[in-house]
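Computed from the coordinates by the stated procedures, all read-outs in this text should not be read as laboratory data. Note that this is a predicted model, so its numbers are computed, not measured. Reconstructed Cβ throughout: ideal geometry from the backbone, glycine too, with neighbour counts over all protein chains shown.
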Amino acid sequence: LICVSESENLLSLAYVGNGAILHLRGNFAESTGNNPLPWAVTNLLNPHTVSENGKEVLYRFISDDPNPETSEPTLIQLQKDNLHGDILIIATDGLYSADQIKIGKNPKGYWTRQNELLMALFGKLEEFLSVDNQDHRSLKQFLHSYMEDQRDQFEDHVAIGIIITPAVFNYLQNSMTP
């Protein structure tokens with residue numbers, strides 16, 4: 001379960017379990033070019049999982065367990081970026097979860113596998129933000145289009161929500177004005 005609340009200056013987040021809360025600033029596409037986005041996106045969700053007998057096991061989740069710690073959420077408050085704005089992508093682990101990152105080692109060092117589903121989402125998001133007059137309906141259409149395009153790539157059920165603060169649109173509008 002992931003919950004997000006927006007106030008004038010803060011984004012407040014609470015979660016139990018795993019999944020993703022990806023934070024991007026409104027200028028995320030300016031510095032990336034064709035490169036992956038290690039500096040432009042931050043996953044704020046540290047999964048509530050532990051390794052047990054070679055498998056991931058959730059230790060915080062919604063449950064009828066009488067122990068209240070079982071479903072105690074992690075709480076995060078994020079100060080809004082009033083210059084560039086904030087984009088939050090909230091998703092289930094079918095899209096991304098830090099406890100499922102593929103890591104390897106070779107003679108040159110450690111590596112992680114690029115998540116193609118995220119890269120496609122960031123590319124579509126960049127396209128969406130470049131179109132004038134976005135509204136709630138067009139954001140819904142954007143998400144539907146992305147989900148349809150990637151349908152055969154998902155390994156698990158996927159739910160995605162996106163919050164784009166008004167400062168993102170203000171920044172983009174002002175940065176495109178000569």
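Observations on the model:
- Using the Cβ-Cβ distance between R137 and Y110 with R0 = 41 Å, the FRET efficiency computed as 1/(1 + (r/R0)^6) comes to roughly 0.40.
- In this structure the amide hydrogen of R60, modeled in the peptide plane, comes within under 5 Å of the amide hydrogens of G17, none closer than 5 places in sequence on its chain.
- What you get for the chain, charging only the Cβ of Lys and Arg (+1) and of Asp and Glu (-1), is a dipole of about 520 debye around the Cα centre.
- Length added when fully stretched, E8-N170, from 0.36 nm per residue minus Cα-Cα: 56.8 nm
- Inter-label distance, nm, simple model (7 Å from Cα along the C-beta direction), I163/E30: 2.3 nm
- When only alpha carbons of the chain are considered, Rg and Dmax amount to 17.5, 61 Å.
- Segment V50-H144, length gained on full extension (0.36 nm per residue, minus Cα span): 30.6 nm
- Chain lengthening between E155 and S63 when straightened (0.36 nm per residue, less Cα-Cα): 30.7 nm
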